[in-house]
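Right, one structure below, let's go through it.
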Amino acid sequence: MPEIKVDVDKCKGCYLCIPVCPKKCIEVSKQFSKTGYYPARYTGKDCVACQLCAYICPDMAIGVYK
């Protein structure tokens, strides 16, 4: 099953990845990162490995793994 990994230390909370995900499997984390942002986070389900989230991330903070 595909999986999304967000590097919370790189994510600056632009959330461009959230609306681009066709399965809505990325959301805003409820915890601050050590850099002071609410990073994006993988919900843990429904990823189809389209990699749109990784392509749109300006900080290269998202990896998609099959």
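Identify all residues within segment 1-17 that are free of Cβ contacts under 8 Å to residues at least 60 places away in the same chain, open to solvent by 40 Å² or more (accessible area, probe 1.4 Å) and closer than 18 Å to Met60 by Cα; write none if there are none.
Asp7, Val8, Asp9, Lys10, Lys12, Cys14, Tyr15, Leu16
Of all residues in segment 31-46, how many are of a type in the set (D, E, K, R), in a loop (DSSP other than H, G, I, E, B) and closer than 20 Å to Glu3 by Cβ?
2
Just give me the residues in segment 18-45 being loosely packed, with under 14 Cβ neighbours inside 10 Å and in contact (Cβ under 8 Å) with a residue 24 or more places away in the chain, in sequence order.
Passing the criteria: Pro22, Lys23, Lys34, Thr35.
Considering (1) assigned to a loop (DSSP other than H, G, I, E, B); (2) in contact with a Gly (Cβ under 9 Å, 6 or more places away or on another chain); (3) open to solvent by less than 40 Å² (accessible area, probe 1.4 Å), say which one Ala49 fails and leave the rest.
Condition (2) is where Ala49 drops out.
Going by the structure shown, is Lys30 farther than 17 Å from Val64 by Cβ, more than 10 Å from the chain's Cα centre (by Cα) and charged (D, E, K, R)?
For Lys30, the condition - farther than 17 Å from Val64 by Cβ, more than 10 Å from the chain's Cα centre (by Cα) and charged (D, E, K, R) - is met.
The values are calculated or read from the model by the stated rules, or taken from the named source; none is laboratory data. Keep in mind it's a predicted model, so treat the numbers as computed, not measured. Note: ideal-geometry Cβ built from the backbone for every residue, glycine included; neighbour counts use all protein chains shown. Note: accessible area is taken over every heavy atom of the protein model, side chains too, but ligands, DNA and RNA are not part of it. Shrake-Rupley method; radii C 1.70, N 1.55, O 1.52, S 1.80 Å.
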